[in-house]
Each structure stands twice: as structure tokens, then as C-alpha cells.
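Undergrad: One structure is given below, represented as C-alpha cells, and several questions about it will come after.
Nothing in this text is a laboratory measurement; each read-out follows from the coordinates by a stated rule. Note that this is a predicted model, so its numbers are computed, not measured. Virtual Cβ from ideal backbone geometry, glycine too; neighbours counted across all protein chains shown.
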Amino acid sequence: MVRFLTPMIRGLVPPTALDRLWRRVMKLLAGLVLYGVSDSLLVLAHLGIDPWDVFQQGIALHTGVPIGTWAILVGIAVLFLWIPLRQRPGLGTLLNVLVVGGVMDLVLANVTPPTALPVRITVLLLGVGLNGVATGWYIGAGLGPGPRDGLMVGLAARGLSIRLVRTSIEVTVLIVGWMLGGNVGWGTLLYALSIGPLAQIFIPLFTMHPLKGADSPIPAPPPSGQSE
């Protein structure tokens, strides 16, 4: 299985990230699963969620389709916006679309939201903190940005300020989501103020820097089929 998948995965991976490929993939998947869990904790706390989830939750409230499924559908829609920007999705981009929303649906369907305020506050703080760690893991794997981050980068590459682009996008989805009934609260403000500093800490901490000669072909997996 590893021998069959490796050539397919290599086609979605930047040359500088071919070293320790399967270790990067495992790190990416762990980060995305943790990201989905942390997003779920924010929803369960019901004290305010991040702007994109406000938007996706607002749509979910009007359609009956779970918020995680909408995270997948919105991610796919955002990928179509990459086309005129000539952005190329990587393995991390495609898995981001599928894994985060799927994990959210799984967690939210099986975990009862807390009712006591101290517990909700604890769940919120845990969700924000784990979101920062998850961001460091999945971005640190070096296998491609998420669809929303890629949109931001693509627009900024056209000469726009990255701060202006990110702020404009997130304020827009936040307002639309709030108008649709998404949960905006002080947790939303906490997330907005915290995620940048957390990402600044955890992305450098967990980044896998290319090894010398990383653009050379990776070795074939061992005969046993075990990956590193």
C-alpha cells in the first residue's frame, strides 16, 4: 500500500518537502484531526467561535446540514476561487478540506455540550490553545496551506496587503455568519486576539525544515511496507 500511495502523494508535495515524507503526512493528519477537535470544543463551549465557523454554523442552522459538513463544502467552494489566482493545492490543502470538517461532525454528534459556565470557559480556553498547537502541526508539516489560507496568500500575491486581505475576508464571513444566526461572543474576540500569537509560537516550533538535498528522490519504502 505504501509503495502504491507514495508516487501519488509525491505529485501533491513541494520538492522541498519530499524528505521524511511519511513522517510529514502523519504530522499533517495529526494536526488536522486536532484542529477539528479544537474547533469542536469552541462550538461546544457556546461562548463564541472563530469567524469561518460562525459563517458555517449560520448556514447549518438554516439548512439542517451539520457544521462540519458545511466546513467541507465551504472549503471546496474556496478552492474554486484558487483557479483565477493560479494557486495550486497541495496534499495538505486537500486533506484539510476533508479531515477537519469530518472530525467536527464526529465529535459534535457524540459529545454533549457542557452547561456549567466554568466548564464552558475551560472548554473554550482548551479549544483556543489546542487550535494553536494544531495550526503549528499541520502547517509545520510543509505539505500545503488550507483552502482559506491559500486564498489569502493568492490575493496578497496580487499586490494587496496580507493584513488587509485576511481582515477583510474574516470580517465579511463573520458578519454574514452572525446575520445567519452563528454564535458570536467574547470567545470569538478571544480567538481573534489569541490565534496570531499562538501560531507565531507553534508554527516555528513544529516546522519540519527541509534536510540538505531534500529535493532529491526519496528512498523506496522498506519491503515490509512499514513507513517511517
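Undergrad: Determine ³J(HN,Hα), in whole Hz, for all residues of region 184-197 in sequence, where each value follows from phi through the Karplus function 6.51 cos²θ - 1.76 cosθ + 1.60 and θ = phi - 60°; x replaces Gly and Pro.
TA: 9, x, 5, x, 5, 5, 4, 4, 4, 7, 9, 5, x, x
Undergrad: Where in region 162-176 is the amide nitrogen less than 20 Å from a point lying 7 Å along the Cα-to-Cβ axis of Leu189?
TA: Within reach of a label on Leu189: 167-168, 170-176.
Undergrad: Hey, any idea what Rg/Rh is for region 17-206, computing Rh the Kirkwood way over Cα pairs?
TA: That ratio is 0.95, to two decimals.
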